[in-house]
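*Asks:* Pasting in a structure now, in structure tokens, and then I'll have a few things to ask.
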Amino acid sequence: MTVSRGEVEDFLYREAALLDEWRLDEWLDLLTEDAVYRIPPNDQPQGEIGNTLFTIADDIARIKARIVRLKSRNAHAEFPHSRTRRMISNVRILEQDDHTVTLAANFVIYRFRRNEDIRQYVGTYHFKLAKAASDLKIAERIVRLDALELASLGSVSFIL
Amino acid sequence: MTSNQYVIDEPDKMTFRVNRRTLVDEAVLEAERRRIFDTCWIYVGHDSELAAPGDFRTRTICGRPLIFCRGADGAVKALLNSCRHRAALVCRESAGNAKRHVCFYHGWVYDADGNLTIVPGKESYPPNFDQSKFGLTSVPRLESYRDFWFVNFDKNAMPLVDYLAGAKEYIDLVVDQSPSGKMHLIQGTQEYDIAANWKLLVENSFDDYHLLSTHATWLKYIKDAGVEFQAPEAGHLLPSHGVGIDLGNGHAVIDNVNFRGRPVARWIPIYGEESKPEIAVIRDELVERLGADRAARVADTNRNLVIFPNLVINDGSSVTIRAFHPLAVDRMRVTAWALGPTEESETARARRLDSFLTFYGPGGFATPDDVEALECVQAGLKTWREIEWSELSRGINKTGEQLNTDELHLRAFWRQWARHMGNDVAAAAAQ
Ligand code: FES
Ligand SMILES: [Fe+2]
């Protein structure tokens, strides 16, 4: 089956809504059992995990642990949860075969917290989606930030 | 005893307090810039960041733009990144290799050693203009210890090796992980701001009193991943024994028996079953080279080292170098890197980096909560007019060792701070 850009966009919008609404268990259901989630460092956006210090380099075990953490009121950096709003555009299918769709998209994520300035995380998504029986699942989720350093973005304490 | 108007240090009265004004007052920050940052040895970079002649990194150190570079002759240099003509930044890239640096404003050209080689339209300068005297200016002092390079803006400062005092041995413990004695700074920089006074990160970096409450989710994570902890000894808060040690000149460390794993070389389940044999080999090499006792010291303890005033080297789940500079009285810029033995295998390097991220960094399971804690402190400090003092007396009445959850090491920092600032901080600010 061939997946259209419209279907990919629907999928990305659904994912964005789950993350913005902090429905993290449902978000986890969008991932394959061996999914990875990575944010390369701002100064080496094309770096590889084996020889580069990333900001985030989670395998599925750590993604699950991250969700356990974020749901706890002891995840102090995200308690109370920040409000986020994701804008996704410029969605492109880069490659696809019978099993996988590789896509790129641009995003802006606004993050709001009480008594804090708005933070704007701007960058690109680079995903590999696995074509599952009746749906798409995220196998690889690479998030590259355009900022040259995190600077006033501070931490990446929620899921980008 | 080293009291000044802002630090009350009275051991006989079992009292140690810091005035909260030190964390909110612009005048205090100005005094710190002159009396601390301009007179102490300040970390600029690691030797391995400059592999070849001509390699450079531009950094902002103590508010000054610097070019940290290796000259054509192979010598490391730290040059002020300001054109000798009319001050423009000469090098505007963050890193690279260059045979020459061109100031684009009027086109003066400097070579990799900073010599001024080309002056367009030189004929118009008067006869007393001596081109050889207009090379890029070096920082007043630049010295290194075991590949850690420091600058000093005070040309009369004591030598770096004397300044480092007892911190040297703790740097040795880090470098001893490498069979060749050469560590490598791994690519990928974490550079982020914290909306807090810079001294709060000094305190936080080796304050183990906050571990249980601030890092509850991290502890749960490593427990869920199969890391076993013992129940704390009587009178202790943490699962393993750890002490705070004053290393002299304001440097201090917490030196803790490891319970959370070390790439060199103590396996924990997070590293995966398949990594056990390689960690055993790394361990055997240490014992062979250093003897059992020193190998145990390198491999079975975690050490969070503060080198006065603004450098932290944490040797634990990984090795991280973290330097920070104030941007304002309530904001700092933190730069953090990972360091590993040069000859480390690909698998060991990957494991080290993965292990780093379990705890450290802006996306780690712990650092974001530290950032939040510091920002909460800074917000609370708005009450400094009503609540004047912070309390740092944990362990002050003990005669023997003090624990990592005591505050001896924090006091060592603040005592040195008070020595530098002198009695009249306000007057210092006016300098
Ligand atoms: S300021 Fe550099 S050439 Fe004029
Ligand atoms: Fe902490």
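*Asks:* Name the trypsin sites (Lys or Arg not before Pro) in the range B:152-193 that are in a loop by DSSP and that have at most 10 other C-beta atoms within 10 Å, would you?
*Replies:* Details: sites: B:K155, B:K168, B:K182; in loops: B:K155, B:K182.
Sites meeting the loop and neighbour criteria: B:K155.
*Asks:* In terms of Cα to Cα distance under 26 Å, which lysines are near enough to B:K223, apart from those fewer than 8 places away along the same chain?
*Replies:* A:K64, A:K71, B:K276
*Asks:* What list of whole percents do you get for P(r) of the range A:61-160, with Cα-Cα distances grouped in 10 Å bins up to the one holding the largest distance?
*Replies:* Histogramming the range A:61-160 at 10 Å steps yields 14, 36, 35, 13, 1 percent.
*Asks:* Give me the one-decimal Kirkwood hydrodynamic radius in Å for the range B:47-152, with the sum taken over alpha-carbon pairs.
*Replies:* 14.1 Å
*Asks:* What's the average, rounded to a whole number, of partner chain beta-carbon atoms within 10 Å of each residue's beta-carbon in A:151-159?
*Replies:* Per-residue shielding by partner chains comes out at 6.
*Asks:* Round to a whole number: what % of the accessible area of the range B:47-152 belongs to carbon and sulfur, probe 1.4 Å?
*Replies:* Taking all protein chains in place, the range B:47-152 shows 51 percent carbon and sulfur surface.
*Asks:* Using the Kirkwood formula over every pair of different C-alpha atoms, what hydrodynamic radius in Å results for the range A:101-160?
*Replies:* Averaging 1/r across every pair of different Cα atoms and inverting gives 13.2 Å.
*Asks:* Using 20 Å bins from zero, what percent of all Cα-Cα pairs in chain B falls into each bin?
*Replies:* 24, 54, 20, 2, 0
*Asks:* Which residues of the range B:163-212 bury at least 20 Å² of accessible area once all protein chains are present, versus their chain alone (1.4 Å probe)?
*Replies:* At a threshold of 20 Å² (probe 1.4 Å), the residues of the range B:163-212 that become less exposed are B:Q187, B:G188, B:T189, B:Q190, B:E191, B:Y192, B:D193.
*Asks:* Here is a further query. When the scattering of the range B:176-303 is computed by the Debye formula from its Cα atoms alone, each counted once and equally, what is log10 I(q)/I(0) at q = 0.12, 0.14, 0.16, 0.17 Å⁻¹?
*Replies:* Calculated log10 I(q)/I(0) at the listed q: -0.62, -0.85, -1.10, -1.22.
*Asks:* Here is a follow-up. How many Å³ per residue does the convex hull of the Cα positions in the range B:308-431 occupy?
*Replies:* Taking the convex hull of the Cα positions in the range B:308-431, it is 169 Å³ per residue.
*Asks:* While we're looking at this one, here's another question. Of all the accessible heavy-atom surface of the range A:5-153, with the other protein chains kept in place and a 1.4 Å probe, what percent is carbon and sulfur?
*Replies:* With neighbouring chains kept in place, the figure for the range A:5-153 is 47 percent.
*Asks:* Okay, next question. Can you list which of the GluC sites (Glu not before Pro) found in the range B:242-288 are DSSP loop residues with at most 12 other C-beta atoms within 10 Å? Write down the numbers at each step before the final one.
*Replies:* On the way: sites: B:E273, B:E274, B:E278, B:E285, B:E288; in loops: none.
The qualifying sites: there are none.
*Asks:* Okay, moving on. Any idea how far the Cα center of the range B:42-80 sits from the one of the range B:237-273, in Å?
*Replies:* So the separation of the two Cα centres works out to 31 Å.
*Asks:* With r as the distance between the Cβ atoms of B:E391 and B:D12 and R0 = 25 Å, compute the FRET efficiency 1/(1 + (r/R0)^6) and round to 0.05.
*Replies:* Efficiency for this residue pair is about 0.90.
*Asks:* If you don't mind, another one. Note down the magnitude of the dipole of chain B about its Cα centre, charges +1 on Lys and Arg C-beta and -1 on Asp and Glu C-beta and zero elsewhere, to the nearest 20 debye.
*Replies:* It comes to approximately 1200 debye.
*Asks:* While we're looking at this one, here's another question. log₁₀ I(q)/I(0) of the range B:177-230 at q = 0.12, 0.18, 0.27 Å⁻¹, via Debye over equal Cα point scatterers, no solvent, to two decimals?
*Replies:* Results for the range B:177-230 at q = 0.12, 0.18, 0.27 Å⁻¹ read -0.56, -0.99, -0.99.
*Asks:* Right, another one. Net charge within 13 Å of A:D20 by Cβ-Cβ distance, Lys/Arg positive one each and Asp/Glu negative one each, not counting A:D20 itself?
*Replies:* Around A:D20, the charge tally is +3.
*Asks:* About its Cα centre, how strong a charge dipole does the range A:5-153 have in debye, to the nearest 20, once Lys and Arg get +1 and Asp and Glu get -1 at the Cβ?
*Replies:* Roughly 660 debye, rounded to the nearest 20.
*Asks:* Stokes-Einstein at 25 °C, 0.890 mPa s, Kirkwood radius from Cα pairs: D for the protein assembly as shown in µm² s⁻¹?
*Replies:* Answer, rounded: 95 µm²/s.
*Asks:* Could I ask something else about it? Under the definition of partner shielding as Cβ atoms of other protein chains within 10 Å of a residue Cβ, what is the mean value for peptide B:351-364?
*Replies:* Details: counts 1, 1, 7, 7, 0, 3, 8, 2, 0, 1, 8, 12, 16, 5.
Mean partner shielding for this stretch: 5.
*Asks:* In whole percent, what relative contact order does chain A give with Cα contacts below 8 Å and a gap of six or more residues?
*Replies:* On the way: 270 pairs, mean separation 37.7, N = 160.
RCO, chain A: 24 percent.
*Asks:* A further question follows. I'd like the distance between the alpha-carbon centres of the range B:172-207 and the range B:355-396, rounded to an integer number of Å.
*Replies:* 17 Å
*Asks:* Something else: Using the alpha-carbon atoms, what tilt in degrees (0 to 90, nearest 10) does helix A:5-20 show relative to the longest principal axis of chain A?
*Replies:* Helix A:5-20 sits roughly 30 degrees off the main axis of chain A.
*Asks:* Note down the Stokes-Einstein diffusion coefficient of the range B:106-177 in µm²/s, whole number, using a Kirkwood radius over alpha carbon pairs, 20 °C, and 1.002 mPa s.
*Replies:* Value of D from the Cα-based Kirkwood radius: 138 µm²/s.
*Asks:* Do any trypsin sites (Lys or Arg not before Pro) in the range B:94-145 lie in a DSSP loop with no more than 15 other beta carbon atoms within 10 Å, and if so, which?
*Replies:* Answer by residue number: B:K99.
The values are calculated or read from the model by the stated rules, or taken from the named source; none is laboratory data. Note that this is a predicted model, so its numbers are computed, not measured. A quick note on method: Cβ atoms are made from the backbone with ideal geometry, for glycine too, and the neighbour counts reach across all protein chains shown. SASA here: full protein model, heavy atoms, side chains in, ligands and nucleic acids out. Shrake-Rupley method; radii C 1.70, N 1.55, O 1.52, S 1.80 Å.
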